[in-house]
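Here the structure comes first, spelled out in C-alpha cells, and everything after it is commentary.
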Amino acid sequence: MKIVVCMKQVPDTTQVKIDPQTNTLVREGVQSIINPFDVYAIEEGVRLRERFGGTVTVVTMGPPQAENALREAITVGADEAVLVSDRAFAGSDTLATGYILAMAIKKIGDVDIIICGKQASDGDTAQVGPGIATQLDLPQVTYVNKIEDIKDGHAVMHRMTEEGYEIVQTSMPCLITVVKEINEPRLPSLKGKMKAKSAPIKAMKAIDMDVDESRLGLTGSPTWVSKIFTPPSRPKGEIFEGEADACADKLVSTLKDHLKG
Amino acid sequence: MGIEIIKDKCTGCTICTKVCPFCALTMADKKAVIDFDKCTLCGACVDSCKFHAIELKRENSRTPNLEQYKGVWVFGEQKKGKIQSVVFELLGKGRELADKRGVELSCVVLGHNIQGCAEELIHLGADNVYIVDASELENFIDEAYTKVLVNVIRKYRPEIFLCGATVLGRSLVSRVAVKLHTGLTADCTALDIDPKEGFLMQTRPAFGGNIMATILSKNHRPQMATVRHKVFKAAVVNKSRTGKVIKETVDRTLLTSRTKILDIVEEVTATVNIAEADIIVSGGRGMKGPENFAILEELAQVLGGAVGSSRAAVDSGWMPYSHQVGQTGKTVCPKVYIACGISGQIQHLVGMQSSETIIAINKDPDAPIFTVADFGIVGDLFEVVPLLTKKFKAALNR
C-alpha cells in the first residue's frame, strides 16, 4: 500500500506568550514543531504500513527549514520524505496550497491513501485536506477516529460527528483527515533517529511538477488579507479571595441575572 | 518577488518588523529589509505601514461574469429533518448582510423529506428557500452533497455563501469552494460589508489566535465563509414573514458517491454537544479523578449547561475526547464558561477565550486562567463548586 501523509510545520503555540504591554504575540525563541494533528496522521500511516505493508511518504509544503519536520517524521517510522518548496508558493491560501500538494502527490504517483491531520494549529481552517481530495477527484472521509479495515479496494472507518460517530465505507484510493482519538503516537526509535540523520529528502519545486503557474502563491489565491489587528484585550477580571462561602455568594449574586436571561 | 519595500517612503519606524508574524522583517541602515526565506507574503506588514512603503503585487484571476453574482445564501444544515441551531445564527447575520447589500437572503437545504423546514427558515428571515430532496441526500455524504450544492450555486450565482463550521460544514464547503475555484474563510468571528466596494469583510483569528485578520475575496464569487456555533445571535422568529419555496430537481448523476454510510452511532456521553451549549462547566487536572466530575455535572445541570474538559483530563482518561475544549479539541464560545481546576495553558485558552463571560475557580492565584477570567474565585474547587451548585439552585429557583 502506498501511503502519503501530508504534514505542516507550525510554531509551537505552547511557547507563545502575550506581551502584556503591547498585547501582541512574543515570537522570539518560539520553536517550530510538527502540527499536533499531523503527528496522529503520521502514526496512523505507519500503523497502516505495519498492518497492510507498503511505504509511508511524508509530504510537506513550506520553507526550506520545514525539512526538520520531515526528518522528525522519519524518526517515528516514515520511509520517504518530500519537501515541496519554492518561492512561487509563497502567499498561497488554502485553495492554492491544496492545489500544490495535490500536484505533488500526483507526481509521487499511484497513491492508495492520503492521510492529513484534521486541521493545522496555526491556521485552523481544516480546508487543505478536503481541498487536496477535490483537486485529485478522490473521495474523502474527514474526522476519522478509527480505521476498521482495508480490503478489496475499500476501506471502512469511523468518522467522528457531533453526536457520536458514523461507520463509513469508501472506495480506494481516498483521502482521510484524522482526529487525536485515532491512536497514541509512538516515540522516536533509535533506529529511526539514525535513519533520519542521513535519509535523503526529495525536493520538489514548481518546475518539477506539472503545475499551472497562475494557480500558485498569491496569484492563485482568491483570499487576501486586507487588515491585521490585535483584538482588544479582556478587561481585568474581578477575583474573589478568602472564605469559600462568601466568595460563592459574591459570584452567585453577580451572575444570577445574567444566567436568567 | 511579489513584495517590495519602497525605500524612499520607508521612514525606519520599525512597526512592520513587530507586526510580521514570521520575523521576516529586519532593519538595515534605518530601512526595512525583507528576508525572503521567511516571508510568506501574508500582507500583515503592508497593512501596518502608515507610509505605504510596502507594496504587495498581485495578478489575480477572476470569476467570469462576476457582476452577475447576487444575493446572500446560507447553507441550511439539517439532521433528521431538524435544522441545526447554527443556521438560525447564520440567518440572523445573513439578513443583516443582505439588507446592507440591498439583496435577498436565501437558504438552501439538502436532505430527504425536509419540506417541513421551509416555513421555519422563512420565519427566520429567508426570502427564498431552495430545497433539494432525494433519498440519497438523507444523510450527509461529502461527494453527493458537493456535486448538488455546486450545481445549485452555479445556477443561481449568490455573491455570498455562509455555512456553519460544523463537522459537516467544514467537510462540505472545503470541497465546494475548490470546485467553484473561489475563496473560503474558515471560522469567521465577524462579517460585514465593505461600505465602499461591497465586498464581504471576513474577520477571523490568524496565526494561532491573538491576532485578527480581515480577509477579502475581491475577484472571486461566491465569497464563502464558515462560522462557528454561538458566534452570532440567532435570528428572531417572525411568523408573519412570507417567502418563496423553490424545489430543485437535480440530475441523478449528481447523487452518486464513492463513500457510503454503513451505520450511524450516537453516543450517550456526547448527547450534549458542547459547541452548542450556552453554559459550559469545565474541569481540568485539578479534578484529581474521573469520579469527581460528578460535582461539575451537578452544577451544569442546575445552570442548564454541559460539562467540558481540559486536555489534561482527557489524556488521563477521565473524560471522553468529545468533551475536550482547546487547541486539539473543540473551540467553544458559550455565554458562560466556568473553568474548574484548569490552569489555563495557551492550548486551552485558544479554545474558550471568546466566551462571553469566563469564570475561573483555582487554588493557585497565579494560574494563567485568571488572566482571561471576568470573575474568579481563588479556592478549593471541591469546596467552592458544591456551594455554587447549592446557591445557584436557590437563586435561580431550580
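The values are calculated or read from the model by the stated rules, or taken from the named source; none is laboratory data. What you are looking at is a predicted structure, and each value in this text was computed from that prediction instead of being measured. Here the Cβ is made from the backbone with ideal geometry for all residues, glycine too, and neighbour counts use every protein chain on show.
List of remarks:
- If you filter segment B:166-176 down to residues that are within 7 Å of another protein chain (Cβ to nearest Cβ) and in contact with a helix residue (DSSP H, G or I) (Cβ under 7 Å, 6 or more places away or on another chain), you find that the one that is nearest to B:Phe75 (Cα to Cα) is B:Thr166.
- The number of residues in segment B:112-150 being away from chain A (no Cβ under 14 Å), on the phi < 0 side of the Ramachandran plot and not aliphatic (A, V, I, L, M) comes to 13.
- Restricted to segment B:190-268, the set of strands (runs of 3 or more DSSP E) holding at least 1 residues that are within 8 Å of another protein chain (Cβ to nearest Cβ), touching a residue at least 40 places away in the same chain (Cβ under 8 Å) and within 16 Å of the chain's Cα centre (by Cα) comprises B:200-206, B:211-216.
- Scan segment A:28-45 for residues that are aliphatic (A, V, I, L, M), more than 18 Å from B:Asp37 (Cβ to Cβ) and surrounded by fewer than 24 Cβ atoms within 10 Å (Cβ to Cβ) and the total you get is 2.
- A:Gly131, sole failed condition from (1) in a helix (DSSP H, G or I); (2) within 22 Å of A:Phe52 (Cβ to Cβ); (3) not hydroxyl-bearing (Ser, Thr, Tyr): (2)
- Residues (out of contact with any Pro (no Cβ under 9 Å at 6 or more places or on another chain) and farther than 20 Å from B:Met224 by Cβ) located in segment A:102-115: A:Met103, A:Ala104, A:Ile105, A:Lys106, A:Lys107, A:Ile108, A:Gly109, A:Ile115
- Residue check, B:Ala294 out of contact with any Ser or Thr (no Cβ under 9 Å at 6 or more places or on another chain) and more than 25 Å from A:Gly123 (Cβ to Cβ): yes
- Every condition in (1) modelled with pLDDT of 95 or more; (2) buried (at least 22 other Cβ atoms within 10 Å of the Cβ); (3) not in a helix (DSSP H, G or I) is met by A:Glu72 except one, and the failing one is (3).
- Among the residues here, A:Lys227 qualifies as facing another protein chain (nearest Cβ under 8 Å), closer than 30 Å to B:Lys18 by Cβ and modelled with pLDDT under 95.
- Any hit, segment B:337-358, residues being more than 24 Å from the chain's Cα centre (by Cα), buried (at least 21 other Cβ atoms within 10 Å of the Cβ) and polar (S, T, N, Q): no
- Yes/no for B:Val307 being in contact with a strand residue (DSSP E or B) (Cβ under 6 Å, 6 or more places away or on another chain) and part of a strand (DSSP E or B): yes
- Among the conditions (1) within 32 Å of the chain's Cα centre (by Cα); (2) more than 21 Å from A:Gly123 (Cα to Cα); (3) at pLDDT below 90; (4) not basic (Lys, Arg), the only one that B:Met1 does not satisfy is (1).
- Qualifying residue in segment B:183-204 (condition: within 19 Å of B:Asp142 (Cβ to Cβ) and out of contact with any Pro (no Cβ under 9 Å at 6 or more places or on another chain)): yes
- The set of residues in segment B:345-386 that are of a type in the set (Ser, Thr, Tyr) and part of a helix (DSSP H, G or I) contains only B:Thr371.
- Some residue of segment B:387-397 being assigned to a strand (DSSP E or B) and under 17 Å from A:Ile239 (Cα atoms): no
- Subset of segment A:148-196 that is without any contact (Cβ under 8 Å) to a residue 12 or more places away in the chain and not charged (D, E, K, R) - its residue that is surrounded by the fewest Cβ atoms within 10 Å (Cβ to Cβ): A:Leu190
Every residue, every condition in (1) assigned to a loop (DSSP other than H, G, I, E, B); (2) of a type in the set (Phe, Trp, Tyr); (3) away from chain B (no Cβ under 13 Å), yes or no:
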position	(1), (2), (3)
A:Leu48	no, no, yes
A:Thr60	no, no, yes
A:Ala78	yes, no, yes
A:Ser92	yes, no, no
A:Leu95	no, no, no
A:Gly98	no, no, no
A:Leu101	no, no, no
A:Ala104	no, no, yes
A:Ala120	yes, no, no
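- Just one of the listed residues (B:Gln84, B:Gln115) is surrounded by fewer than 21 Cβ atoms within 10 Å (Cβ to Cβ), over 22 Å from B:Gly183 (Cβ atoms) and of a type outside the set (Ser, Thr, Tyr), namely B:Gln115.
- Residue within segment A:208-224 that is under 30 Å from B:Gly304 (Cα atoms), within 10 Å of another protein chain (Cβ to nearest Cβ) and either at pLDDT 95 or above or under 23 Å from the mean Cα position of the chain (by Cα) (or both) present: no
- Single residue of B:Thr166, B:Thr146 found to be modelled with pLDDT under 95, more than 18 Å from A:Asp93 (Cα to Cα) and crowded, with 23+ Cβ neighbours inside 10 Å: B:Thr166
Quick grid of which residues meet (1) surrounded by fewer than 23 Cβ atoms within 10 Å (Cβ to Cβ); (2) modelled with pLDDT of 95 or more:
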{"site": "B:Val152", "(1), (2)": "yes, yes"}
{"site": "B:Ile160", "(1), (2)": "no, yes"}
{"site": "B:Leu172", "(1), (2)": "no, yes"}
{"site": "B:Asn210", "(1), (2)": "yes, no"}
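- Per the conditions (1) in contact with an Asp or Glu (Cβ under 7 Å, 6 or more places away or on another chain); (2) surrounded by 19 or more Cβ atoms within 10 Å (Cβ to Cβ); (3) under 27 Å from A:Leu259 (Cβ atoms); (4) within 14 Å of another protein chain (Cβ to nearest Cβ), the sole criterion not satisfied by B:Val307 is (4).
- Answer from A:Gly192, A:Gly164 - the residue that is at the interface with chain B (Cβ under 10 Å from one of its Cβ atoms) and touching a helix residue (DSSP H, G or I) at 6+ places or on another chain (Cβ under 7 Å): A:Gly164
- Between B:Arg258, B:Arg285, the distinction of being in contact with a helix residue (DSSP H, G or I) (Cβ under 8 Å, 6 or more places away or on another chain), farther than 30 Å from A:Val141 by Cβ and among the basic types (Lys, Arg) belongs to B:Arg285 only.
- Restricting the first member to segment B:60-75 and to residues that are touching a residue at least 60 places away in the same chain (Cβ under 8 Å) and on the phi < 0 side of the Ramachandran plot, and the second to residues that are in a loop (DSSP other than H, G, I, E, B) and aromatic (Phe, Trp, Tyr), the beta-carbon pairs closer than 9 Å and six or more apart or on different chains are B:Thr63/B:Tyr69.
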